[in-house]
1. Restricting attention to the stretch 20-40, report how many residues are touching a helix residue (DSSP H, G or I) at 6+ places or on another chain (Cβ under 6 Å) and over 23 Å from residue 110 (Cβ atoms).
2. Sort out which residues of the stretch 65-83 are on the phi < 0 side of the Ramachandran plot and outside any helix (DSSP H, G or I), and write them in order of number.
3. Taking the conditions exactly as written (part of a helix (DSSP H, G or I) and modelled with pLDDT of 90 or more), does residue 27 satisfy them or not?
4. Among the residues of the stretch 5-18, are any touching a Leu at 6+ places or on another chain (Cβ under 7 Å) and either part of a helix (DSSP H, G or I) or closer than 30 Å to residue 113 by Cα (or both)?
5. List pairs: first in the stretch 77-92 and under 14 Å from residue 51 (Cα atoms), second modelled with pLDDT under 90 and surrounded by 10 or more Cβ atoms within 10 Å (Cβ to Cβ), Cβ under 6 Å, 6+ apart or cross-chain?
6. For residues that are of a type in the set (Phe, Trp, Tyr) and within 18 Å of residue 15 (Cα to Cα), scanning just the stretch 33-87, find the one that is modelled with the lowest pLDDT.
7. Scan the stretch 16-42 residue by residue and report those that are buried (at least 17 other Cβ atoms within 10 Å of the Cβ) and either within 13 Å of residue 98 (Cα to Cα) or among the acidic types (Asp, Glu) (or both).
8. Look at the stretch 46-55 and say how many of its residues are in a loop (DSSP other than H, G, I, E, B) and either surrounded by fewer than 10 Cβ atoms within 10 Å (Cβ to Cβ) or over 30 Å from the mean Cα position of the chain (by Cα) (or both).
Amino acid sequence: MATVLEFPSQQARGLAFLERQLAELLRARGADQALTEFATAQLTEIYGRISDSEQYHFSVHLPDGLGAAQQDALRGEITAGLERIRRENHSLALELAAGLLLAKVQLFQRERSD
């Protein structure tokens, strides 16, 4: 039987990187284990929601008579356009996610101190 090598997706690697960075940042600022675990769990949930929202799916009905080369060209243009939109939205979504995460962490801290 052949050996199968599995690699984490770019999304999984990105999330793991963000989780490590967040945990290191929180520990450097004196956060305890409970806060670190809460923050990384929230990051995982928020990042998952962002990733889910970026899974575009739709159909385009092409007119009859287009050759294979024309269809491929249109497919390429649409794909490139979607990728540009995804990158722009991704940057904004990450900025908003960071603000949401910060607010949740602050609320968690405030509720613990009450």
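1. 0
2. From the stretch 65-83, those on the phi < 0 side of the Ramachandran plot are 66-83; that's our starting set.
Listed by number, the residues that qualify are 66, 67.
3. yes
4. Step one: list which residues in the stretch 5-18 are touching a Leu at 6+ places or on another chain (Cβ under 7 Å), which gives 18.
Of the ones still in play, those that are also either part of a helix (DSSP H, G or I) or closer than 30 Å to residue 113 by Cα (or both) are 18.
Within the stretch 5-18, one or more residues are touching a Leu at 6+ places or on another chain (Cβ under 7 Å) and either part of a helix (DSSP H, G or I) or closer than 30 Å to residue 113 by Cα (or both).
5. 86/54
6. 47
7. First, pick out the residues of the stretch 16-42 that are buried (at least 17 other Cβ atoms within 10 Å of the Cβ): 18-19, 22-23, 26, 31, 35-36, 38-40, 42.
Matches in the stretch 16-42: 18, 19, 22, 39, 40, 42.
8. 1
The values are calculated or read from the model by the stated rules, or taken from the named source; none is laboratory data. Remember, predicted model here, so these are calculated numbers, not experimental data. Glycine also receives a Cβ, built like all others from the backbone with ideal geometry; neighbour counts cover every protein chain displayed.
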